[in-house]
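Here the structure is laid out as structure tokens; the discussion comes afterwards.
The values are calculated or read from the model by the stated rules, or taken from the named source; none is laboratory data. Just so we're clear, the structure is a prediction, and the values are computed from it rather than from any experiment. Positions of Cβ are backbone-derived with ideal geometry, glycine not excepted, and every protein chain shown enters the neighbour counts. Just so you know, the surface numbers come from the protein's heavy atoms only, side chains and all, with ligands and any DNA or RNA stripped out. Shrake-Rupley method; radii C 1.70, N 1.55, O 1.52, S 1.80 Å.
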Amino acid sequence: LSSRGYNVVNEYIDSDAFDYVEASNMIDKALQQVLSKEIGKIQVVYTYFKNTVTFEPKLEVLFPVEKGQGKLESKQEILFEPNADEILNTLIPMALKSTLYSLWMETKTSEQASRRLAMENATDNAEELKEKLVLQFNQARQAAITQEITEIVAGADSL
């Protein structure tokens, strides 16, 4: 992404140590950077799991959410308790953490499916190679037996 002109602030490679706590910490840091205007938005590049043999790289904007998403059509006044700001300050990070972890799990699913497919292909190739080698071995053995029989018959005829 850096070579294509994207400003990558953080990248995380160690996929085996990633869990919900790590996702939570990442979102907390990213939200602090957004609030302090160090970054303009939070984007995640992940692997979209289409099916067991198809995965697609995707770029998703987690924050800020576009205006109009989830807009209510009701004209009723809604009362929030304790208040709307406190609820949003709790709800937004919680939703972002869950979304990030969900995208992570989708990426991990794609990785595991890819590994399973690679192992299945390796097993199939090994079976095919084994069958070819057994056939070659049997042909060579049969040729050796035929050669020995021919030599024995030729030796008996010369007596």
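Details
- Top-ranked residue in region 1-38 [being open to solvent by 60 Å² or more (accessible area, probe 1.4 Å) and hydroxyl-bearing (Ser, Thr, Tyr); ranked as nearest to Lys97 (Cα to Cα)]: Tyr20
- Breaking point among (1) open to solvent by 70 Å² or more (accessible area, probe 1.4 Å); (2) at pLDDT below 90, for Pro57: (2)
- Neighbours by Cβ (under 7 Å, 6+ apart or cross-chain): first from region 80-91, assigned to a helix (DSSP H, G or I); second at pLDDT below 80 and loosely packed, with under 12 Cβ neighbours inside 10 Å: Ile87/Phe80
- Filtered residue count, region 111-124, keeping only those that are at pLDDT 95 or above and open to solvent by 100 Å² or more (accessible area, probe 1.4 Å): 1
- Residue list for region 2-38, restricted to those being of a type in the set (A, V, I, L, M, F, W, C), part of a loop (DSSP other than H, G, I, E, B) and farther than 20 Å from Met105 by Cβ: Val8, Val9
- All of Leu59, Leu103 fail the test of being part of a strand (DSSP E or B) and either hydrophobic (A, V, I, L, M, F, W, C) or more than 30 Å from Lys37 (Cβ to Cβ) (or both), apart from Leu59.
- Pair list, Cβ under 6 Å, 6 or more apart: region 98-122 residue under 21 Å from Gln43 (Cβ atoms) and among the aromatic types (Phe, Trp, Tyr), other residue open to solvent by 50 Å² or more (accessible area, probe 1.4 Å) and modelled with pLDDT under 90: Tyr101/Tyr20
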